[in-house]
Structure formats: structure tokens, C-alpha cells
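One structure is given here, and the rest of the page talks about it.
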Amino acid sequence: MGTVALRPVRDADLDALFAQSRDPDSVRMAAFTVGDPDDRAGFAARLARLRTSADVTIRAVTWNGALVGSIGSFVVDGQTEITYWVDRAMWGRGVASAALSLFLGLVTVRPLRARAASDNAGSLRVLRKAGFEVVGFETSYAPGRRAEVAETILRLDG
């Protein structure tokens, strides 16, 4: 396996992150995505907002120095949640697990919440491996699938 690292998101990363966020298989697996993954202007505005928000921590995920995704935390209703996206070409290589481990050292707020489509076995495995425990389920509209999708809610206390 290569070396996974986190660093601040740079302007030069935006094209690659946008391309990753448009991959149809990744969008389907993530399910709870933006309504239109092809909206470049919307993507740029959202990233600009996230990169300057006091309630958001966002990092680029690199593998052997190459940008392969992003990971972040944000606050919703007073609770901190995490999210991550790894380029589909890197799935199954331990990149998400390594990035999450690094990020949990950076963002020390606990409890920390996470959500994943209930059929996204890979993401659920990554979260459970990091110590997240299932605390609930809900069904919500998932733009990435244009359908109602069961979602697993997880929490990390320690």
C-alpha cells in the first residue's frame, strides 16, 4: 500500500475533486450527494463556502502525493459529522481507512457522527473499523439515486 496523507485543499485540487464527484458509480454508492453532480459552478461555490466556514474542517486526501479524495467534518444541529470521498480507482486499497484514522487525530470533537447508505458496505466497514457504532437508521431522499434510500447513522464516542 502507498502512503496516505491529509493536507489543506488547494485551488489546484478543484478540477480533480469535481471530476471525482461526478463519477456515476461513486455517486450511486454515496447516494446522499448534491442534486446535480455536473453543476461545476455549484460545486465551486459549495467548496468555496466549505473552505472558509468556521464550522467545517476539510482536507485533501493524497496517496503517494497524488490527490485521491477529500475528507471533512461539519456541524449540523449542534452535532459534528464527518464525510469523505475517495476516487473509485482507489477503492479497496485502505485509503479511506487510513484517511479517516488521520482525520480522527485532527478533529478530536466527540461524539462524532457519520452517515452512509445502508447498502454501502465498504463505507460502513471503514467507519466500524475506526470505532464508529450504529446508533440508528432513517430513510431519506438520496439525490445520487433519485430515490428514497435507507441510511445508517453511526457515532464515535471515544
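List the extent of the Cα atoms of the range 31-158 along each of their three principal axes, largest first, rounded to whole Å.
Taking max minus min along each principal axis of the Cα atoms, the range 31-158 gives 37, 37, 32 Å.
I want the local charge near Arg28. Using Cβ-Cβ distances under 11 Å, sum +1 for each Lys or Arg and -1 for each Asp or Glu among the other residues. Before the final figure, lay out each step's value.
Working: positive: Arg88, Arg145, Arg146; negative: Asp23, Asp25, Asp119.
Net local charge, Arg28 excluded: 0.
Classify the range 1-49 as rounded, prolate or oblate from the Cα gyration tensor: take a ≥ b ≥ c as the square roots of its eigenvalues, call it rounded if a/c is under 1.5, otherwise prolate when a/b beats b/c and oblate if not. Write out the running numbers ahead of the final one.
Details: a/c = 2.22, a/b = 1.20, b/c = 1.86.
Taking the square roots of the gyration eigenvalues as a ≥ b ≥ c, the range 1-49 is oblate.
Does the range 1-105 classify as rounded, prolate or oblate by the C-alpha gyration tensor (a ≥ b ≥ c root eigenvalues; a/c under 1.5 gives rounded; else a/b over b/c gives prolate, otherwise oblate)? Don't skip to the answer; put the middle values down first.
Details: a/c = 1.40, a/b = 1.12, b/c = 1.25.
Rounded.
Let me check I've understood the local charge: for Val75, count other residues with C-beta under 9 angstrom from its C-beta, Lys and Arg +1, Asp and Glu -1. What total comes out?
Summing Lys and Arg as +1 and Asp and Glu as -1 gives -3.
Summing +1 for each Lys or Arg and -1 for each Asp or Glu, what net charge is found among the other residues whose Cβ lies under 13 Å from the Cβ of Val9?
Values: positive: Arg7, Arg10, Arg46, Arg49, Arg51, Arg59; negative: Asp11, Asp13, Asp15.
Computed value for this residue: +3.
Can you figure out the FRET efficiency of Ala150 with Ala19, using R₀ = 30 Å and their beta-carbon distance, to the nearest 0.05?
Numbers: r = 29 Å, r/R0 = 0.95.
That pair, Ala150 with Ala19, gives E of 0.60.
So which trypsin sites (Lys or Arg not before Pro) in the range 1-37 are both in a DSSP loop and have at most 12 other Cβ atoms within 10 Å of their Cβ? Don't jump to the answer; show the numbers that get you there.
On the way: sites: Arg10, Arg22, Arg28; in loops: Arg10, Arg22.
Sparse-neighbourhood loop trypsin sites (Lys or Arg not before Pro): Arg10.
Modelled label-to-label distance, Ala66 and Asp38, 7 Å Cα→beta-carbon offset: nm?
2.7
When only Cα pairs under 8 Å and 6 or more residues apart are kept, what is the percent relative contact order across the range 50-158?
Numbers: 176 pairs, mean separation 21.5, N = 109.
This gives 20 percent for the range 50-158.
Could you provide, to the nearest whole Å², the per residue accessible area of the chain with probe 1.4 Å? It would help to have the intermediate numbers written out before the result.
Working: 8360 Å² over 158 residues.
Roughly 53 Å² per residue, with all protein chains present.
Give the calculated FRET efficiency between Arg28 and Arg49 to the nearest 0.05, with a Förster radius of 22 Å applied to their Cβ-Cβ distance. Could the numbers behind the result be given before it?
Details: r = 25 Å, r/R0 = 1.15.
Efficiency computed from Cβ-Cβ geometry: 0.30.
For a quick check of understanding: with a 1.4 angstrom probe and all protein chains in place, what accessible area in square angstrom does Asp157 have, to the nearest ten?
90
Determine the order of Thr80, Thr57 by accessible area, beginning with the largest, at a probe radius of 1.4 Å.
Working: Thr80 20, Thr57 40 Å².
From most accessible down to least: Thr57, Thr80.
The values are calculated or read from the model by the stated rules, or taken from the named source; none is laboratory data. What you see is a predicted model, and the numbers here were worked out from it, not measured in a lab. Here Cβ is always computed from backbone atoms with ideal geometry, including for glycine, and neighbour counts include all displayed protein chains. Side chains are part of the model used for accessible areas, which takes the heavy atoms of the whole protein and leaves out ligands, DNA and RNA. Shrake-Rupley method; radii C 1.70, N 1.55, O 1.52, S 1.80 Å.
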